[in-house]
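What follows is a short report on a single structure.
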Amino acid sequence: MPSERVTLQELVENGHLDTVPDDYLVSEQDRVKFEDYSCDARELPVIDMVGVEGERRDLVVQQIRSVCEEWGFFQVKNHGVSLPLMKRMQQEIREFFDLPYEEKNKIRARFDGHVLPDEGYSDRFGLKEGSANWSDRLRLYTLPASSRRYELWPKHSPSFRETLEEYCEEQDKLMSRISELISEGLGLETSYLNDYFAGKYQQQLQVNYYPPCPQPDVTMGLRKHSDNNLLTLILQDSTPGLQVKKDGQWITVKPMEDWFVVNVGDQIEILSNGRYTSAEHRAFVSSKPRMSIATFSMPSNETVVGPILELLGTEEQPKYRAISFSEFKDSFYYTGWATAPTGKGHLKHLLISQD
Ligand code: OGA
Ligand code: NI
């Protein structure tokens with residue numbers, strides 16, 4: 001039975017909520033401790049991509065290697081995507097979320113009780129009762145172009161489609177440049193990862209809209225998780241919310257209008273046999289609305305991903321079982337996500353015993 005529940009934005013805008021409904025409460029240990037944040041808390045590393053095709057390349061490859069080993073999360077500047085395009089994309093998305101509910105509802109992804117809604121506008125994407133995130137989403141497949149379901153793309157504004165097509169091409173170029181640096185950091189050929197996924201790759205856009213919240217300290221915009229894909233680029237607006245876990249501590253990522261956050265996904269952790277790590281992260285909410293635009297690069301569904309043999313040599317054993325991306329996603333969503341994301345718990349069942 002398709003659900004007729006309204007999205008969270010609609011509930012907040014018309015429901016005059018002054019408390020967070022039970023369905024959205026998170027356990028005490030997973031709550032944000034706002035009083036913990038001080039201005040001098042640790043900051044996420046920033047990689048400056050200026051001159052990376054020239055004299056700064058060795059330095060940047062070295063920096064990428066160390067942040068991927070230690071953090072799995074960083075920010076990039078001078079990345080080649082134009083600020084006007086980033087702003088145009090944000091503006092299009094804002095216009096979509098400002099539309100009347102009935103208009104947005106035309107591209108609603110509905111959970112039919114069996115199949116997870118994977119695309120369209122939605123409030124919870126398959127999360128079971130009792131574990132909802134304080135957010136709504138718009139998710140669209142963007143690459144390859146043949147995977148686009150234009151019937152699910154917003155029709156307003158009229159320039160949405162053109163802007164997203166341009167944006168996703170630019171994101172793809174940046175992902176590919178970062179993949180080259182990651183390959184070199186692993187001691188592989190520059191084009192190794194791009195060749196590995198040539199023709200076996202997909203890209204998805206996920207917009208997270210976090211409505212203003214009456215009790216930010218008892219809920220979470222997005223519970224802790226690692227991303228299940230290859231790489232994620234996140235464009236944040238000016239409201240803080242994104243946090244990454246480092247050495248047991250949650251660190252808030254500073255919103256910077258012309259930078260992207262880069263997030264190493266589980267598939268890179270597996271390919272690199274654990275040299276590079278996918279980071280646990282989450283998003284908190286506040287009394288202000290927040291919007292983030294994430295671009296996910298991922299293997300095509302049937303592509304099998306396992307540790308890269310060239311990296312292992314003769315001594316090292318693979319730490320993870322090779323598995324197709326669709327199987328990986330199934331276990332990610334059904335074992336962890338559906339009941340509430342459990343950080344990186346979903347990777348454990350792939351671990352090969354080392355004794
Ligand atoms: C995600 C994510 C963080 C944010 O979409 O997977 O982690 O800042 N988003 O919204
Ligand atoms: Ni994420």
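Out of S272, S191, S226, S238, I need the residue that is within 11 Å of ligand 1 (Cβ to nearest atom) and of a type in the set (G, A, S). Which one? The conditions single out S226. Restricting the stretch 218-240 to residues that are among the small types (G, A, S) and open to solvent by less than 10 Å² (accessible area, probe 1.4 Å), the residue that is nearest to ligand 2 (Cβ to nearest atom) is S226. Would you say W337 is in contact with a strand residue (DSSP E or B) (Cβ under 9 Å, 6 or more places away or on another chain) and either modelled with pLDDT of 90 or more or surrounded by fewer than 22 Cβ atoms within 10 Å (Cβ to Cβ) (or both)? In short, no. Inspect all residues belonging to the stretch 21-31 and state whether any of them is open to solvent by 60 Å² or more (accessible area, probe 1.4 Å) and at pLDDT 95 or above. No, the stretch 21-31 has no match at all. Only residues that are part of a helix (DSSP H, G or I), out of contact with any Ser or Thr (no Cβ under 7 Å at 6 or more places or on another chain) and open to solvent by 10 Å² or more (accessible area, probe 1.4 Å) were counted in the stretch 167-198, giving 9.
Looking across the stretch 256-276 at every residue that is among the charged types (D, E, K, R) and more than 17 Å from L181 (Cα to Cα), the one that is most open to solvent (accessible area, probe 1.4 Å) is identified as E257.
Considering each of S300, S292 in turn, give the residue that is at pLDDT 95 or above and more than 11 Å from ligand 1 (Cβ to nearest atom).
On the way: S292 fails: more than 11 Å from ligand 1 (Cβ to nearest atom).
Selected residue: S300, the only one of S300, S292 that is at pLDDT 95 or above and more than 11 Å from ligand 1 (Cβ to nearest atom).
Can you report the number of residues in the stretch 241-254 which are of a type outside the set (F, W, Y) and within 16 Å of ligand 2 (Cβ to nearest atom)?
Count: 9.
Yes or no, residue by residue, for (1) over 20 Å from the mean Cα position of the chain (by Cα); (2) open to solvent by 50 Å² or more (accessible area, probe 1.4 Å); (3) under 14 Å from N228 (Cβ atoms):
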site: K254; (1), (2), (3): no, yes, no
site: S278; (1), (2), (3): no, no, yes
site: H281; (1), (2), (3): no, no, yes
site: V285; (1), (2), (3): no, no, no
site: L309; (1), (2), (3): yes, yes, no
site: Q317; (1), (2), (3): yes, yes, no
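Considering the stretch 94-113, and only residues there that are part of a loop (DSSP other than H, G, I, E, B) and modelled with pLDDT of 85 or more, the residue that is farthest from S238 (Cα to Cα) turns out to be K106.
Filtering L116, L140, L152, L83 for residues that are farther than 30 Å from V50 by Cα and at pLDDT 95 or above leaves a single hit, L140.
The values are calculated or read from the model by the stated rules, or taken from the named source; none is laboratory data. Worth saying up front: this structure is predicted, and the values here are computed from it rather than measured. Neighbour counts are summed over all protein chains in view; Cβ atoms, including those assigned to glycine, are modelled from backbone coordinates with ideal geometry. Just the protein is used for accessible areas: all its heavy atoms, side chains included, with ligands, DNA and RNA removed. Shrake-Rupley method; radii C 1.70, N 1.55, O 1.52, S 1.80 Å.
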